[in-house]
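Each remark here refers to the structure printed beneath this line.
Taken together, the values in this text are just the output of simple stated rules run on the coordinates, not laboratory data. The structure presented is a predicted model; accordingly, all values stated were derived computationally and were not measured. Positions of Cβ are generated from backbone atoms using ideal geometry, with glycine treated the same way; all protein chains shown enter the neighbour counts.
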Amino acid sequence: MALITIGTPFNIDLEFQIATFNKRLLGWLIDMVVICVYYYIMLNFIYPLLGMSKGISTAAELFFVIIPVLIYQLIFELMLNGQTLGKMAAGIKVIDNEGKEPTWGQYLMRWLLCLGNLFIYGLPYIIINEPWAIIAFMILYIPDFLCMIITSKSQRIGDLAAGTVVIDKNYVTNISETIYKEIEEKDYQPVFPQVMRLTDRDINGIRNLIQTKRTSKDTDAYMFQVVDKIKAVLSIETELDGYEFLQQLLFDYNYFTTRN
């Protein structure tokens, strides 16, 4: 299981699991099914109903079939925060190298340099109209395939250029299980509403820090550095000691997220 470690603004190291080749392949196959269904519906049901002439039909095919399919990956990753329909079903997504959601520019860059994907999505059309072009598809996809094998984060050329990586989303979303802190008081009153400025990843990192055994002075020193950083960023002043403060943040975060 390949993991990458990313630091947060609070000096907390978080781990992400790199998406396995099997999951990425599953995502591609599902995307292919979606695209094939789109092709089939457009070419066998929509076009015959419109009764267009050959010239108009060719232009319509370009704008309503070919172009939408080619930008399928870009549009869905922008709309679904780093996921196509296939990635969503496979439980994987695109993030940037710092663990954040990529910018639209990063999505655009990885899409422009993913020539292999463009041919994958155009494969149904190619098979029907230009079967010989499959050879070109295979040649163009070789660099991406080799890049995935060689790089430590299984990144394609587009990912390297855009500064992105594909991770196992299920590994990240399980954070909800690790940050949950049961609140036994019925009339619980949160102390630090500023905690909602933190992300799930930050909260998970705080919980991991609390669970770290206090085996040395270095551990405590690191914890106090994190606490000071959080207080400064969130503009919090409190008399609670380090571990009590972090525990309170977890309780408050759980209170707000389970009641909003």
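Modelled label positions at Ile236 and Leu25, each set 7 Å beyond Cα in the direction of Cβ, lie 4.6 nm from each other.
Counting other beta carbons within 10 Å of each Cβ, put Phe224, Phe16 in order, fewest first. Walk me through the intermediate numbers first.
On the way: Phe224 13, Phe16 20.
Result, fewest neighbours first: Phe224, Phe16.
Using 0.36 nm per residue, how much length does the chain from Ile149 to Thr103 gain when fully extended, once their Cα-Cα distance is taken away?
14.0 nm is the gain from fully extending Ile149 to Thr103.
The ranking of Asp168, Asp200 by Cβ neighbour count inside 10 Å, starting from the fewest, reads Asp200, Asp168. Spin-label pair Ile210-Gln247: with each label point 7 Å from Cα along the Cα-Cβ axis, the two points sit 0.8 nm from one another.
Between Val37 and Gln225, the modelled label-to-label distance comes to 5.1 nm, taking each label 7 Å out from Cα in the direction of the beta carbon. Neighbour counting of Cβ atoms within 10 Å sorts the residues Tyr255, Tyr47, Tyr72, fewest neighbours leading, into Tyr47, Tyr255, Tyr72.
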